[in-house]
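Here is the structure we will look at.
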Amino acid sequence: MQKAIGVLTSGGDAPGMNAAVRAVTRAAISKGYRVIGIRRGYKGLLRDDFSELSARDVSGIIQRGGTVLYTGRCEEFVKDEVQLKAVEKCRALGIEGLVVVGGDGSFRGAAALSAKGVPCIGIPGTIDNDIACTDYTIGYDTAMNTAVDMIDKLRDTAESHSKCSVVEVMGRNAGWIALNVGLAVGAVSICVPEREYDINAIAEKMKKVHASRKQHFIIVFAEGCGDSREFAEKLTELTGIETRDTVLGHVQRGGAPTLRDRVIASEMGYYAVELLDKGVSDRIVGMKHERVYDVGISEALAMTKEFDDRLYNIANEISF
Ligand code: ADP
Ligand code: F6P
């Protein structure tokens with residue numbers, strides 16, 4: 001049987017995952033492999049939900065959001081016996097290497113499969129950018145651009161009515177989206193889980209700025225900071241400025257990937273196949289200082305990501 005490479009997307013979907021699937025498929029075919037596209041993450045492997053992908057099957061997907069392989073969460077995959085079943089399935093299919101596009105949880109599954117004899121390479125795909133071994137994750141750039149578009153629209157109405165708009169953005173426990181989006185929309189304040197915020201200090205700043213003839217405000221609030229509605233209500237009380245809350249939600253995960261996400265996904269997908277082709281296993285592909293590299297999965301999972309205090313301080317200092 002011709003050797004095969006499997007590819008799956010797992011965890012939350014992210015724009016650019018399709019570009020990664022396309023790159024993996026085309027790179028593998030060009031190196032002489034068959035490609036098996038596994039649907040709905042690890043679930044598809046266990047339930048025989050897969051199909052062979054040709055070069056044409058991945059035509060016309062580089063510009064599409066979501067993931068044509070669908071994604072899924074498979075809670076039982078933490079169990080040893082379930083992982084062994086997945087290994088058997090890979091053997092039966094002739095899968096000699098598996099590319100897993102997802103986040104930290106998905107990489108733990110990939111590490112387990114690697115240890116059990118199926119070489120796996122992880123590619124970071126999540127809008128949250130909360131994976132320590134890489135400066136960028138696939139989907140992050142698109143999600144931020146979507147949030148900026150939405151907040152620019154909210155600004156028009158906040159400005160017309162001289163109101164304050166508190167916008168809750170995604171990011172799970174990380175404030176990367178909030179930080180960059182907040183700076184990009186000129187938010188008067190950015191709340192991130194990595195740094196404590198003082199609502200009284202924010203209110204004082206708003207009152208001071210209000211007195212200097214600025215009549216409308218945008219505050220970007222990371223979902224990891226708590227309840228943005230409560231925050232907005234309290235801010236109205238403290239400032240006397242009508243403050244409305246908008247939760248951007250899942251819209252941030254959709255839409256056509258940006259150029260940056262398409263390029264990163266293509267580069268990482270190609271690199272993952274190169275690693276498997278060289279017999280390398282149990283690694284994650286990352287990007288540091290604009291260069292693609294790889295790192296061991298357990299080493300990567302033990303890393304912590306340093307918050308960008310410089311950017312945070314710049315945003316604060318110039319927002320008045
Ligand atoms: P993400 O990959 O975005 O972090 P999740 O944390 O939901 O998303 O993980 C995605 C999937 O990865 C889980 O549904 C499960 O199938 C698998 N997974 C998560 N944690 C583990 C683990 N400790 N061991 C094996 N597989 C895991
Ligand atoms: O990890 C991506 C993400 O969109 C997070 O930003 C968010 O906290 C979470 O997934 C939402 O997950 P779900 O779609 O399962 O509610």
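The values are calculated or read from the model by the stated rules, or taken from the named source; none is laboratory data. Because the structure is predicted, anything quoted here is derived from the model rather than measured. Virtual Cβ from ideal backbone geometry, glycine too; neighbours counted across all protein chains shown.
Suppose we filter the range 41-73 for residues that are more than 16 Å from Ser266 (Cβ to Cβ), within 16 Å of ligand 2 (Cβ to nearest atom), out of contact with any Ser or Thr (no Cβ under 7 Å at 6 or more places or on another chain) and modelled with pLDDT of 95 or more; how many remain?
Selection size over the range 41-73: 3.
May I ask you to list pairs of residues, at least six apart or on different chains, whose Cβ atoms are under 6 Å apart, with the first in the range 220-243 being assigned to a loop (DSSP other than H, G, I, E, B) and the second being hydrophobic (A, V, I, L, M, F, W, C) and within 16 Å of ligand 2 (Cβ to nearest atom)?
none
List pairs: first residue in the range 283-310 and within 17 Å of Thr126 (Cβ to Cβ), second residue polar (S, T, N, Q) anywhere in the structure, Cβ distance under 6 angstrom, at least six positions apart or on different chains.
Hits for this filter: Gly286/Thr134; Met287/Thr134.
If I go through the range 166-187 residue by residue, how many of them are over 17 Å from Glu237 (Cβ atoms) and more than 17 Å from the chain's Cα centre (by Cα)?
Total meeting the criteria: 7.
Look through Gly37, Gly6, Gly11, Gly16 and report the one residue that is within 24 Å of Asp104 (Cα to Cα) and within 12 Å of ligand 1 (Cβ to nearest atom).
The match here is Gly11.
Tell me which residues, restricted to the range 44-69, are within 18 Å of Val99 (Cα to Cα), of a type in the set (S, T, N, Q) and in a loop (DSSP other than H, G, I, E, B).
Passing the criteria: Ser54, Thr67.
Test Glu299 against the stated conditions and say whether it is farther than 21 Å from Asp128 by Cβ and assigned to a helix (DSSP H, G or I).
No, not satisfied.
Mind counting the residues in the range 114-146 that are over 18 Å from Val35 (Cα atoms) and over 11 Å from the mean Cα position of the chain (by Cα)?
Residues in the range 114-146 being over 18 Å from Val35 (Cα atoms) and over 11 Å from the mean Cα position of the chain (by Cα): 10 in total.
Only residues that are part of a helix (DSSP H, G or I) and either in contact (Cβ under 8 Å) with a residue 40 or more places away in the chain or not basic (Lys, Arg) (or both): list them for the range 192-219, please.
Ile199, Asn200, Ala201, Ile202, Ala203, Glu204, Lys205, Met206, Lys208, Val209, His210, Ala211
Take the conditions within 16 Å of ligand 2 (Cβ to nearest atom), of a type in the set (A, V, I, L, M), touching a residue at least 12 places away in the same chain (Cβ under 8 Å) and farther than 23 Å from Tyr70 by Cα and apply them to Ala178. Does it pass?
Answer is yes for this residue.
For the range 129-141, check the following and say yes or no: at least one residue is out of contact with any Gly (no Cβ under 9 Å at 6 or more places or on another chain) and charged (D, E, K, R).
No, that holds for no residue.
Do you know which of the residues in the range 1-18 that are part of a strand (DSSP E or B) and not hydroxyl-bearing (Ser, Thr, Tyr) is surrounded by the fewest Cβ atoms within 10 Å (Cβ to Cβ)?
Ala4
Condition check ((1) farther than 22 Å from Ser281 by Cα; (2) out of contact with any helix residue (DSSP H, G or I) (no Cβ under 7 Å at 6 or more places or on another chain)) across all residues:
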position	(1), (2)
Gly105	no, yes
Ala112	no, no
Lys116	no, no
Ile123	no, no
Ile127	yes, no
Asp135	no, yes
Ala143	yes, no
Thr146	yes, no
Thr157	yes, yes
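Identify, by number, the condition in (1) touching a strand residue (DSSP E or B) at 6+ places or on another chain (Cβ under 6 Å); (2) surrounded by fewer than 15 Cβ atoms within 10 Å (Cβ to Cβ) that Lys208 doesn't meet.
Of (1) touching a strand residue (DSSP E or B) at 6+ places or on another chain (Cβ under 6 Å); (2) surrounded by fewer than 15 Cβ atoms within 10 Å (Cβ to Cβ), only one is false for Lys208: (1).
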